[in-house]
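The values are calculated or read from the model by the stated rules, or taken from the named source; none is laboratory data. Nothing here was measured: the structure is a model prediction, and the numbers come from that model. Quick reminder, even Gly has a Cβ in these numbers, built from the backbone with ideal geometry, and neighbours come from all protein chains shown. Heads up: the accessible areas ignore ligands, DNA and RNA and are worked out on the full protein's heavy atoms, side chains in. Shrake-Rupley method; radii C 1.70, N 1.55, O 1.52, S 1.80 Å.
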Amino acid sequence: MENRSHALMTGFFTVALLVAAILAGLWLNRDRAKSVPFEIVTTQTIPGLNPQGTVRYRGLEVGRIDDIVFDPRVTGQILIKLSIDQGTPVTATTFATLGYQGVTGIAFVQLDDERTGSPLLASDPDHPARIALRPGLIDQIETRGLAILEKSERITDSLNNILSKDNQDKLTGAFDSINKAASAYAEIPQQLQPTLARLPALTSKIDQSLNSVNQLAASANGTVQSYGRLADSLQAPGGPIERATNAIGCRTSSAPPTRPRPLCAPCGAP
């Protein structure tokens, strides 16, 4: 009987010691920092985000997620309730995005600010301030991926229109025309070959004609010079023209004077 009482006391003592250790651990690990309530408002999907998740401000852990509920005032809107350490510079330009821890898929709230020096955002438990949630990297990749897929579909449709039966026939006709034009151009050198073969003889004849013209020009030049010398000798002082003029003048002065003819009485004509 005494052994049973000792065993019972030992069990009670062990249980009490275990409870005391648990309470001491909870007391030592309690959050001594004062926190300020905030809310994140979003209509985006928030995969991997759970209550008790981490809240970080530019990489520093500053709080936790208390709860995730639907907004009772706006249908489809989600409220993420946060507890952020007092002294965290949450301002009017602060915004939130979702970050992910490695490859686990566990999400956390990442706070950032557009600029420094903005006024602090006041918040209290009765009226918690709201922070807007912006698309994160995954959301941006998803949005851009959808846009790229839409563009790819439009490009595929355009290619299908280009490669339709009518366009294929037109392209085939265009290639045939190009082939015919190339064949015609290939025949041009063969057609020009006889003409090109006669070019040396034609060039020789042109050279001979040019030589004949040069000789004719030289002869004409000599003739002109001969006529010029002849004119100069005829018109020179004491030349044939001057001697002929003097001879005619001498004969006129040595001839007897002519008698005037009588006039006609009625009309006065000679």
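Descriptive notes on the structure:
- Subset tally (residues that are open to solvent by 80 Å² or more (accessible area, probe 1.4 Å) and modelled with pLDDT under 85) for the range 141-151: 5
- Lone qualifier among 136, 117, 173 - being closer than 30 Å to residue 89 by Cα and surrounded by 10 or more Cβ atoms within 10 Å (Cβ to Cβ): 136
- Only one of 86, 110, 168 that is without any contact (Cβ under 8 Å) to a residue 40 or more places away in the chain and of a type outside the set (Gly, Ala, Ser): 168
- Options 46, 78, 40: the member that is modelled with pLDDT of 85 or more, over 41 Å from the mean Cα position of the chain (by Cα), hydrophobic (A, V, I, L, M, F, W, C) and under 28 Å from residue 137 (Cβ atoms): 78
- Residue count, the range 124-133 (criterion: more than 15 Å from residue 80 (Cα to Cα) and open to solvent by less than 90 Å² (accessible area, probe 1.4 Å)): 1
- Top-ranked residue in the range 176-209 [being of a type outside the set (Gly, Ala, Ser) and closer than 30 Å to residue 157 by Cβ; ranked as least open to solvent (accessible area, probe 1.4 Å)]: 176
- Residue 118 touching a residue at least 40 places away in the same chain (Cβ under 8 Å) and of a type in the set (S, T, N, Q): no
- Condition check for residue 184: out of contact with any Ser or Thr (no Cβ under 8 Å at 6 or more places or on another chain), modelled with pLDDT under 75 and small (Gly, Ala, Ser): no
- Test: residue in the range 100-107 that is of a type in the set (Ser, Thr, Tyr), open to solvent by less than 50 Å² (accessible area, probe 1.4 Å) and either more than 17 Å from residue 38 (Cα to Cα) or in contact (Cβ under 8 Å) with a residue 40 or more places away in the chain (or both): no
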